[in-house]
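Below you'll find the structure, written out as structure tokens, and then a few comments.
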Amino acid sequence: MRTLFAKDKVVSLSYTLRARSGEIFEHADLPISYLHGSGQDLFDKIERALEGLSVGDSVEVELSPAEGFGEHDPNLTFTDDIENVPPEFRQLGAGAEAENAEGEASISWSRPSKAVNSR
């Protein structure tokens, strides 16, 4: 089998993200594509784990908060009444992207019993 994941190759993959508890919080059945080795699309540890893999291979990578988006900041987490949420976002797993006055993007997901906001 030939190597697929190498620097400057456009590759496609599907993935599942799990919390340490094993709970799935994101899953992509349809492959996403990115430029491998660009340093723009994936966390470094994930790109290193994918390097040299071929079609059909799979890999598990565990990231610490520092290797991902950073430690949890409770100042970036909020909960709101369901009545304040547009109906199309009133389901588990619904996501929305918003922008503040400074142009900073914010992505929010709905989860059981809470809403999570990550910048």
Just to be sure I understand the filter: pairs with C-beta atoms under 8 Å, separated by 6 or more residues or on different chains, first member in the stretch 57-86 and surrounded by 12 or more Cβ atoms within 10 Å (Cβ to Cβ), second member in a helix (DSSP H, G or I) and not aliphatic (A, V, I, L, M). Which pairs pass? V61/K45; L63/K45; E67/D44; E67/K45
Condition first: more than 19 Å from D8 (Cβ to Cβ) and among the aliphatic types (A, V, I, L, M). Now tell me which residues in the stretch 18-53 satisfy that. A19, I24, A28, L30
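If a residue has to be out of contact with any Leu (no Cβ under 8 Å at 6 or more places or on another chain) and exposed (fewer than 13 other Cβ atoms within 10 Å of the Cβ) to count, how many in the stretch 1-24 make the cut? Break it down stepwise before answering.
At the first step, the residues of the stretch 1-24 found to be out of contact with any Leu (no Cβ under 8 Å at 6 or more places or on another chain) are 1-2, 6-7, 12, 15-23.
Okay, now just the ones that are also exposed (fewer than 13 other Cβ atoms within 10 Å of the Cβ), so 1-2, 7, 12, 16-17, 19-23.
The qualifying residues number 11.
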Scan of the stretch 25-50 for residues that are surrounded by 13 or more Cβ atoms within 10 Å (Cβ to Cβ) and not hydrophobic (A, V, I, L, M, F, W, C), ordered by number: Y34, H36, G37, D41, K45, E47
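Residue-wise test of (1) modelled with pLDDT under 85; (2) not aromatic (F, W, Y).
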site: E47; (1), (2): no, yes
site: E51; (1), (2): no, yes
site: E60; (1), (2): no, yes
site: P86; (1), (2): yes, yes
site: F89; (1), (2): yes, no
site: A94; (1), (2): yes, yes
site: E97; (1), (2): yes, yes
site: S108; (1), (2): yes, yes
site: K114; (1), (2): yes, yes
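The values are calculated or read from the model by the stated rules, or taken from the named source; none is laboratory data. It should be emphasised that the depicted structure is a prediction, and the values quoted were computed from it without experimental measurement. Note: ideal-geometry Cβ built from the backbone for every residue, glycine included; neighbour counts use all protein chains shown.
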